[in-house]
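One structure is given below, encoded as structure tokens.
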Amino acid sequence: MRKCCPGLALVPALGLAAGDPLATAPPTNAPARDAATNHISEALLDSQDRLATNNLLPDGRTPPGSTQLADWQQKLELARRERLTRQTKEAIPNLVALLAAGAPENIQRTALLELALAAQDNNDLPRAQQILAQYLSRWPQDPSVPEVLLRQGLILRQMGLNGLALTKFYAVMTSALVLKNDQVGYYQRLVLQAQTEIAETYYDDGKNKEAAEFLARLLKQDSPGLNKHQIEFKLLRSLAALGRNDEVISRGGDFLNRYPDAAERPHVRFYLANAYKQLGRNEEALQQVRVLLQEEQAQAQADPQGWAYWQKRTGNEIANQLYREGDYARALEIYLSLAQLDSTPAWQIPVWYQVGVSYEHLDQPAKAGENYLKIIQREPALGTNATPGLKAVVEMARWRRGFLDWESQAEARNRLLKPQPSAVDTSTVVAPPPAATLAQKATP
């Protein structure tokens, strides 16, 4: 009988001593060996490609350290680099070829996730969603399942499918509870983000009641991973949209005290001013506007356009409300401050007009006329690109200026034409009889 593989008995036959260099263990950086391949020589493991045949099906196991495994790993790294450098046209076919080549599962899992990310980079969101669903179908017990579900939810929300997104966010919490893994901190953060995304989805969808409820729950957790000032600001906006003005005032004041450098401070002032106004507390609403218009903060220097926007919006809305209610003195105070925020004619002309009509209501026609005159004199600065609205304001100012001049002249003529009362000659005036005399004459 013919002997098989006589070379396999070569090493034991040499009788190498334990201290011989040829008998030493493989280096510590050598690939890990599993039980099925531990008895096979590394030389044979590293050259499995030489046994390639089309008569046998792949055994589903590629020994560590093989040239084929190294080739797959290199292709995976190449595809990843291509995706990270936005070369998705090259990355996608390389990843698809890698998945079709029968690579080990750990490489297939990574390649499939890379393929989903490449589709997302191309803004092919339905394709990215489909690939992630395929991942969950193939490896439902994989430790990455909670994060994959979270990514699905974010993509679905980006696609406008908020109902399905919420389902995925809830599934993150369920899947994280059943997995047996020692990465507790990792899963706790995933669950926390899923909870914030549920609140964010309601918030973005305009469902302020549900958003306020979930945001308030998050704040009760007191988790160190929460960006509390963002959560509190979104809660404040939801409460303002719901008209829960007392809560807006309470939380808004607390926000300003706790976060003195927050970029959202002008927004909060706006909500506070509106809340006070809705409750009929006009003086407190006016005080919020005063503070906002006068504040010189680091945020105003870092983002002057954003700061000016909220100054203008807050002042304009509160001043207009006061004007409509007939509180012309408070409205005028705000309009005068607003006129100083921006020197462009597009801003100042409408504000000056409101100053003018406020002065008219306060019976100060001369000051009203001065503001209308400023508008007329500023008209050339509008140029040829003035909007129809601005042109209308200029024409109204011109008309009101003319009307005030006519009214003033008419009053002056009336004063001249009105007859003066003549002097009375007191010597010819007969005094009436005393009341007692009249009473006697009346007695029969």
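Bear in mind these aren't lab numbers, they're just calculated from the coordinates by the rules spelled out. This is a predicted model, so every value here is computed, not measured. All Cβ positions, glycine included, derive from the backbone under ideal geometry; neighbour counts span all protein chains shown.
Among the listed pairs K207/K391; K209/K312; K234/K374; K168/K209, give every one whose C-alpha distance is greater than 31 Å.
K207/K391; K234/K374
Just order 403-412, 389-398, 168-177 by mean Cβ neighbour count inside 10 Å, highest at the front, would you? Let's see the in-between values first.
Details: 403-412: 11.9, 389-398: 15.8, 168-177: 19.3.
Packing order, densest peptide first, comes out as 168-177, 389-398, 403-412.
Can you tell me how the stretch 185-269 classifies by the Cα gyration tensor, rounded, prolate or oblate, using a/c under 1.5 as the rounded cut? Display every interim value, and only then the final one.
Details: a/c = 2.19, a/b = 1.36, b/c = 1.62.
Here the stretch 185-269 falls in the oblate category.
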Worksheet item: Which loop trypsin sites (Lys or Arg not before Pro) in the stretch 203-268, with loop taken from DSSP, have no more than 10 other Cβ atoms within 10 angstrom of their Cβ?
Response: none
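Could you tell me what % of all Cα pairs in the stretch 346-410 have separations over 19 Å?
26 percent
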